[in-house]
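This report refers to the structure that appears directly beneath it.
The values are calculated or read from the model by the stated rules, or taken from the named source; none is laboratory data. Source: prediction; values computed, not measured. Cβ placement follows ideal geometry from the backbone for every residue including glycine, while neighbour counts extend to all protein chains displayed.
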Amino acid sequence: MNAQLHLASEFVRPAINDCWNHIGVHGDKSCVELEQHLHCRNCPVYSAAARTLLDAPLPPDYARFWTRHFAQPPVIAPAVAHSVIIFRLGAEWLALPTVLCSEVADTRSIHSLPHRRNSAVLGIANVRGELVVCLSLTTILGLNSTALSGQDSRNAAVQRFLVCRGVAAAVVFPVDEVHSVYRYDASQLIEVPATVSKAQATYTRAILSWSQRTVGVLDEQLLFHTVDRSLA
């Protein structure tokens, strides 16, 4: 783009009647020909101006300039190697690697399990014909069940089921909102600040700044280790 702007600055444009910028569709629309042609691109004056520009002589160093431009090695942008799915629990924004999240589903009935020994296990739910165990991330992470209020509650999206597949089997984490998939470079990760609660910091390996919010990137290995223990 910079090369094109540089070349354009050296190009002496022939004089044309750009009436479309004054009395045409990009001007005050007072041209009497608009009633017949409806748009300036259908007008013979517009076509004649285009031919004038296309037939104009090229700048003296046109070939040399573009030869030098395309002879330069391409600048390859660094690849964005990581992606997470961002979701909300109460007032906390969190993220898990996209590769672990197989589906975002609508919430449905969670059927309790008899004699459950772990408070993180909520029960089972039917997801596309498969009975999947539902676990509370709020309980696992030791978060406060903070309800949104005021404007935030009016803008909150409906709750979702975040279906994740660990090593053993699929599990469901009911969440208050699933926002999007976010791609990032490792250099964007920030160390977990000391102000984060001990329970949450245990499962948070880094912080991401996203959309003027702070997102905790969860340690998926530790999380699913806890999940497997909860299901044992």
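Odds and ends about this structure:
- Residue count, segment 84-102 (criterion: surrounded by 15 or more Cβ atoms within 10 Å (Cβ to Cβ) and part of a strand (DSSP E or B)): 12
- Of all residues making up segment 208-232, the number that are crowded, with 19+ Cβ neighbours inside 10 Å, among the aliphatic types (A, V, I, L, M) and touching a strand residue (DSSP E or B) at 6+ places or on another chain (Cβ under 7 Å): 5
- Any hit, segment 74-94, residues being under 33 Å from the mean Cα position of the chain (by Cα) and of a type in the set (Phe, Trp, Tyr): yes
- Of all residues in segment 121-135, those being surrounded by 17 or more Cβ atoms within 10 Å (Cβ to Cβ) and within 30 Å of the chain's Cα centre (by Cα) number 6.
- Residue within segment 192-201 that is in contact (Cβ under 8 Å) with a residue 60 or more places away in the chain and surrounded by 12 or more Cβ atoms within 10 Å (Cβ to Cβ) present: yes
- Scanning segment 204-223 for residues that are in a strand (DSSP E or B), free of Cβ contacts under 8 Å to residues at least 24 places away in the same chain and over 16 Å from residue 137 (Cα atoms) turns up 206, 207, 209.
- Against the test of being at pLDDT below 90 and over 17 Å from residue 96 (Cβ atoms), the options 197, 180, 230 yield a single qualifying residue, 197.
- Within the set 50, 81, the sole residue that is farther than 30 Å from residue 21 by Cβ and not charged (D, E, K, R) turns out to be 81.
- Whichever residue in segment 25-57 is within 21 Å of residue 15 (Cα to Cα) and surrounded by fewer than 10 Cβ atoms within 10 Å (Cβ to Cβ) and, among such residues, is modelled with the lowest pLDDT: 57
- Flag for residue 176 being touching a residue at least 12 places away in the same chain (Cβ under 8 Å), acidic (Asp, Glu) and loosely packed, with under 13 Cβ neighbours inside 10 Å: no
- Qualifying residues in segment 58-83 (those that are among the hydroxyl-bearing types (Ser, Thr, Tyr) and in a helix (DSSP H, G or I)) - the one surrounded by the fewest Cβ atoms within 10 Å (Cβ to Cβ): 67
- Complete set of residues in segment 128-161 that are at pLDDT 55 or above, farther than 19 Å from residue 204 by Cα and not in a loop (DSSP other than H, G, I, E, B): 130, 131, 132, 133, 134, 160, 161
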